[in-house]
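Where a number appears in this text, it was derived from the coordinates with a stated rule and is not lab data. Remember, it's a predicted structure, so these values are computed and weren't measured experimentally. Every residue, glycine among them, receives a Cβ derived from its backbone with ideal geometry; neighbour counts consider all protein chains shown.
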4 protein chains.
Amino acid sequence: MTPYIHRVQYYETDRMGITHHSNYVRIMEEARTDFLDRLGWSYKRLEEMGAISPVTSVECRFIGPTTYSDEIAVHLRIEQIGGARLVISYRMESGGRTVCEARSEHCFIGKSGRPMRLQRDLPDFVAALEREKEREDS
Amino acid sequence: MTPYIHRVQYYETDRMGITHHSNYVRIMEEARTDFLDRLGWSYKRLEEMGAISPVTSVECRFIGPTTYSDEIAVHLRIEQIGGARLVISYRMESGGRTVCEARSEHCFIGKSGRPMRLQRDLPDFVAALEREKEREDS
Amino acid sequence: MTPYIHRVQYYETDRMGITHHSNYVRIMEEARTDFLDRLGWSYKRLEEMGAISPVTSVECRFIGPTTYSDEIAVHLRIEQIGGARLVISYRMESGGRTVCEARSEHCFIGKSGRPMRLQRDLPDFVAALEREKEREDS
Amino acid sequence: MTPYIHRVQYYETDRMGITHHSNYVRIMEEARTDFLDRLGWSYKRLEEMGAISPVTSVECRFIGPTTYSDEIAVHLRIEQIGGARLVISYRMESGGRTVCEARSEHCFIGKSGRPMRLQRDLPDFVAALEREKEREDS
């Protein structure tokens with residue numbers, strides 16, 4: 001898929017003059033929800049099927065600064081789909097440079113409040129993710 | 001009541017070097033929830049009684065800047081309790097100067113999704129607010 | 001100009017299930033910076049000319065809720081350009097309904113730290129705003 | 001040192017009903033600036049000495065949810081002080097449970113825009129951190 005574009009807002013900068021690092025975690029979410037939308041599996045659809053998907057971990061390496069009005073292109077990759085979790089990686093570029101590399105892990109919780117098993121409980125979602133992963137890897 | 005104290009965080013500043021104006025709307029909420037907690041009528045309690053309370057308007061005049069690590073003292077006043085709405089005003093001071101004057105209006109929505117009438121549906125809450133208002137006004 | 005489109009992010013919702021009201025103040029800024037960019041007078045350009053532009057007041061009336069993944073179209077209007085201040089109004093629509101009406105006021109501070117007089121200190125900026133205002137009004 | 005206490009605000013929750021994960025990165029910053037203040041080495045003091053300190057990486061594992069009005073106690077530890085970087089870890093507890101484990105890395109940039117070497121350029125800061133680290137480890 002084409003990268004998700006985030007335009008840095010004034011309110012995302014801090015008094016060092018750069019994008020505050022916490023916002024990259026939000027940009028990851030923006031790129032992820034955009035990716036799932038385009039895949040036909042929006043958070044909305046998952047929620048309507050009774051699944052919520054908490055983030056279980058995030059990691060970000062901040063490689064270069066960005067600031068107000070910069071465009072950040074987020075390249076997202078499915079790293080792992082298995083058992084009860086989904087792992088996604090992100091490479092963010094701005095002005096031709098990599099500015100952030102990141103990773104997030106997600107679980108899926110069903111109506112009962114218990115973790116879902118992806119292959120069993122959301123097989124069509126897993127199939128869509130796997131098709132996309134194959135396309136990226138090839 | 002004694003004012004609510006907010007310490008400005010680094011992530012609340014912007015590249016002008018000052019607290020981004022949108023954060024004052026969040027500080028109003030902090031002061032308001034703290035006030036209701038101290039009154040014995042937390043949002044939690046209201047929610048448990050089946051009431052949610054959306055903000056229907058806010059107004060802020062930004063009089064002077066603050067920045068990272070400044071303490072903002074929020075003086076809150078009940079302006080009006082009536083019919084279906086609550087009006088609150090806020091005066092924020094930092095370093096002996098007024099930095100922001102603000103106002104918010106709130107309605108209350110019951111389980112049916114319909115606006116509540118405060119005197120009829122939440123009489124004890126109204127009584128507590130009125131006692132506090134009298135104390136302030138005197 | 002065509003309206004600015006903001007897509008509501010998951011991180012902008014709150015536990016009432018709706019877009020937290022403080023975010024509308026940020027959406028106003030997004031629409032305003034987008035408007036100034038398209039006018040050829042970005043905050044970047046103003047900053048390079050030695051002008052910063054603090055927000056001196058905001059007002060928002062929240063008319064209807066929005067939530068995650070909703071598109072908000074922001075219709076922005078120049079209300080007043082004069083002396084030392086600029087007044088802008090905003091009408092936000094989502095799904096064919098008005099969800100928020102808002103207003104912001106802005107001053108301009110020059111290198112000396114003193115308020116600028118718009119007509120004298122930024123005449124080309126004023127001319128561009130006035131041309132846009134005439135176009136809207138006609 | 002005693003833990004830093006963060007009270008979860010309504011605006012920090014999302015429509016899943018829990019604290020949005022991105023806020024933990026901000027809570028880490030709150031705890032870190034509070035820690036440095038109490039150590040006598042606030043960001044303000046570092047900035048006055050010509051040093052800014054960008055975050056170079058963050059990692060968070062989200063172990064349990066929190067929500068509006070919960071108190072989160074942040075236990076902070078200096079993990080590593082060396083060469084050009086500082087590594088800090090965080091254990092966050094709420095209601096007797098660990099809710100988040102996190103880590104951040106920081107560099108220090110001097111007036112020239114070049115990375116500082118901590119021992120050489122900020123020896124008193126390093127000494128204060130090391131005294132605190134010894135106290136914690138013992």
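In chain C, what residue has the beta-carbon at the shortest distance from the axis of the rotation relating C to B, and what is that distance in angstrom, rounded to the whole number?
Here the nearest residue and distance are C:E59, 2.
Calculate the mean, over all residues of peptide A:52-62, of how many other protein chain Cβ atoms lie within 10 angstrom of the residue's Cβ. Working shown, then result.
Details: counts 4, 1, 5, 6, 5, 9, 10, 6, 8, 5, 7.
Partner Cβ neighbours, averaged per residue: 6.
Kindly flag which residue pairs out of A:K133/C:K44; C:K44/D:K44; B:K44/D:K133 have an alpha-carbon separation exceeding 28 Å in this structure.
Working: A:K133/C:K44 39 Å; C:K44/D:K44 26 Å; B:K44/D:K133 39 Å.
The pairs that break the limit, which is 28 Å between Cα atoms, are A:K133/C:K44; B:K44/D:K133.
Under the rule of at least 5 residues apart or a separate chain, name every residue whose amide H is placed under 5 Å from the amide H of B:T66.
Long-range HN contacts for B:T66: B:T19.
Averaged across C:101-108, how many Cβ atoms of other chains sit within 10 Å of each residue's Cβ atom?
Across C:101-108, the average partner-chain Cβ count within 10 Å equals 1.
Can you pull the mean other chain C-beta count within 10 Å for peptide D:67-75?
2
With θ set to phi - 60° and the Karplus curve 6.51 cos²θ - 1.76 cosθ + 1.60, what are the ³J(HN,Hα) couplings of region D:20-27 in order, to the nearest whole Hz, using x for Gly and Pro?
5, 4, 4, 5, 5, 5, 6, 5
Please give the helix C:123-137 orientation as an angle from the longest Cα principal axis of chain C, in degrees from 0 to 90, rounded to the nearest 10.
Long axis of C:123-137 versus the principal axis of chain C: about 40 degrees.
How do B:29-40, A:95-106 rank on mean C-beta neighbours within 10 Å, highest first?
Peptide ranking by packing, descending: B:29-40, A:95-106.
Taking a ≥ b ≥ c as the square roots of the Cα gyration tensor eigenvalues, with a/c under 1.5 meaning rounded and otherwise prolate when a/b beats b/c, else oblate, which class fits the protein assembly as shown?
rounded
Between C:S69 and B:R38, what is the label-to-label distance in nm when each label sits 7 Å out along the Cα-to-Cβ direction?
4.2 nm
Going by the alpha-carbon gyration tensor, a ≥ b ≥ c the square roots of its eigenvalues, is chain D rounded (a/c under 1.5) or, if a/c is not under 1.5, prolate (a/b greater than b/c) versus oblate? Write down the numbers at each step before the final one.
Working: a/c = 2.33, a/b = 1.82, b/c = 1.28.
Verdict is prolate for chain D.
Using the alpha-carbon centroid of each, what span in Å lies between region A:53-89 and region A:100-124?
With region A:53-89 and region A:100-124 each reduced to a Cα centre, they are spaced 16 Å.
As a check on your grasp of the helix formula, calculate [θ] at 222 nm for chain D: sum -39500 (n - 2.57) over DSSP H runs of n ≥ 4, divide by the residue count, round to the nearest 500. Please list the in-between numbers first.
Numbers: 4 runs with 43 residues, N = 138.
So the calculated ellipticity at 222 nm is -9500 deg cm²/dmol.
What dipole magnitude, in Debye to the nearest 20, does chain B give about its Cα centre under +1 on Lys/Arg Cβ and -1 on Asp/Glu Cβ?
320 debye
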